[in-house]
1. Provide the gained length on full extension for the span residue 36 to residue 24, in nm with one decimal, where the gain is 0.36 nm per separating residue minus the Cα-Cα distance.
2. Say we join alpha carbon atoms closer than 10 Å with springs in a Gaussian network model of the chain; which of 41, 75, 25 then has the biggest fluctuation?
3. Give me the Å³ per residue figure for the convex hull around the C-alpha atoms of the chain.
4. From the backbone phi of segment 41-56, what are the Karplus-calculated ³J(HN,Hα) couplings (6.51 cos²θ - 1.76 cosθ + 1.60, θ = phi - 60°) in whole Hz, Gly and Pro given as x?
5. Could you check how much of the accessible area of segment 32-86 is carbon and sulfur, as a whole percent, using a 1.4 Å probe?
6. What are the extents of the Cα atoms of segment 35-84 along their three principal axes, listed from largest to smallest and rounded to whole Å?
7. Which value in deg cm²/dmol, rounded to the nearest 500, describes the helix-derived mean residue ellipticity at 222 nm for the chain, given -39,500 (n - 2.57) per DSSP H run of n ≥ 4 and division by the residue count?
8. Considering the chain as a Gaussian network with a 10 Å cut-off on Cα pairs, which listed residue, 26, 48, 68, attains the greatest mean-square fluctuation?
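The values are calculated or read from the model by the stated rules, or taken from the named source; none is laboratory data. A quick note: this is a predicted structure, and the numbers were derived from the prediction, not measured. The protein model used for the area step is the full one, side chains on, heavy atoms only, and it has no ligands, DNA or RNA in it. Shrake-Rupley method; radii C 1.70, N 1.55, O 1.52, S 1.80 Å.
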Amino acid sequence: MAPGHAEGYDGVVNDYFLVRTVNFSPRGTLTDDQLAAENISGLRWWHPNEVDTYVGPDLFSPRDLATPLTALITSGVPTGPVRLGL
């Protein structure tokens, strides 16, 4: 397996963008059946404390999402792109 890749997900690259918007209910264009076929059981907003203390079976990407999220909240928007690991 290549460094920086998750097992079973070779070659996947995720880009994240900060977008300021009003609150809304997250919902994409896929049906519930299509989401289930992608192993997605739901969409929701997470409070930063929930991200930091989550101990369930699901994985965040990056795995340590709490660290860059906390930096964003406490230090503000970075001046340039931030490289996130797995």
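1. Working: separation 12, 0.36 × 12 = 4.32 nm, distance 2.20 nm.
Value of the extension gain: 2.1 nm.
2. Result: 41 has the largest fluctuation of those listed.
3. Numbers: hull volume 12.3 nm³, N = 86.
So the per-residue Cα hull volume is 143 Å³.
4. 9, x, 10, 7, 8, 10, 6, x, 5, 5, 5, 5, 9, 5, 10, x
5. On the way: 2530 of 4580 Å².
Carbon and sulfur atoms account for 55 percent of the accessible area of segment 32-86.
6. Projected onto its principal axes, the Cα set of segment 35-84 covers 38, 22, 17 Å.
7. Numbers: 3 runs with 22 residues, N = 86.
Roughly -6500 deg cm²/dmol at 222 nm, from the helical runs in the chain.
8. Answer for the Gaussian network model of the chain: 26.
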